[in-house]
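Chemist: Pasting in a structure now, in structure tokens, and then I'll have a few things to ask.
Just so it is clear, none of the values below were taken in a lab; they were calculated from the coordinates. Fair warning: this is a prediction, and the values are worked out from it, not measured in the lab. Glycine gets a Cβ as well: all are built from the backbone with ideal geometry, and neighbour counts include every protein chain shown.
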Amino acid sequence: MSENADLLPHEQPAPPRTDLWIAAVFFVFGATVAWLAFLMPRYADQKGEIYTAPGLVPGFYGVVIFLLSIWLAVRAVRQGALRPSGKEATGSQPKGTSDLRLAGAAALGLVFVVGLIGRVPFWLASAIFVAMFTILFDWQSTQPWPVRARRIGEAVLLGVVTGIAVTLVFEKVFYVRLP
């Protein structure tokens, strides 16, 4: 099995040095989240069950991000991120539309939070966000139009199912009133 088996055919892996920088940022972020969660009120302060401690979930996420950042850093170093020549094992900077897609994802997040939430039912806002996000990251200009049309249909179906499922889970399982 090839090392890049998880990538789509048109994608290339990020250089190891980029992975190392990302690992450093997430290391600091995960450690900060875990520490701030640790400083939140504890079980003894809550006089209730441990599951009601407000820092439990953020602390768990912070520890997971912290540990995954270490794993990413080790993998990047093994792939040559610290080689003095500046040449990484996987080659040069990947080409493609990664920056454009990242900007598109950020724009979609803003449209979801600022433009859709509170203006349309939550299930519809979620459906639109998931469908557009899927279309954005699945779009390949080299595909023929019938394939692209099928992928758009699949993305819309995925968005509707996800929007309904998320709404039902939050309202029926977690008892959260959604906007």
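Chemist: Tell me, in nm to one decimal, what length is gained between Glu11 and Phe29 on full extension, where the rule is 0.36 nm per residue of separation less the Cα-Cα distance? If you can, show how the numbers build up before the last one.
Modeler: Details: separation 18, 0.36 × 18 = 6.48 nm, distance 2.71 nm.
Stretched fully, the Glu11-Phe29 segment lengthens by 3.8 nm.
Chemist: If each of Leu136 and Ala149 carries a label point 7 Å out from its Cα toward its Cβ, how far apart are those two points in nm?
Modeler: Placing both labels 7 Å along Cα→Cβ, they lie 2.6 nm apart.
Chemist: Spin-label point model (7 Å from Cα, Cβ direction): what's the Arg78 to Leu168 distance in nm?
Modeler: So the label points at Arg78 and Leu168 sit 4.1 nm apart.
Chemist: Would you mind getting me the FRET efficiency between Val120 and Ile22? Use the beta-carbon distance for r and R0 = 30 Å, nearest 0.05. It would help to have the intermediate numbers written out before the result.
Modeler: On the way: r = 34 Å, r/R0 = 1.14.
That gives a FRET efficiency of 0.30.
Chemist: Between Val176 and Ala105, what is the FRET efficiency for a Förster distance of 22 Å, r being their Cβ-Cβ separation, to the nearest 0.05? Numbers along the way, then the final one.
Modeler: Numbers: r = 25 Å, r/R0 = 1.12.
FRET efficiency, Val176 to Ala105: 0.35.
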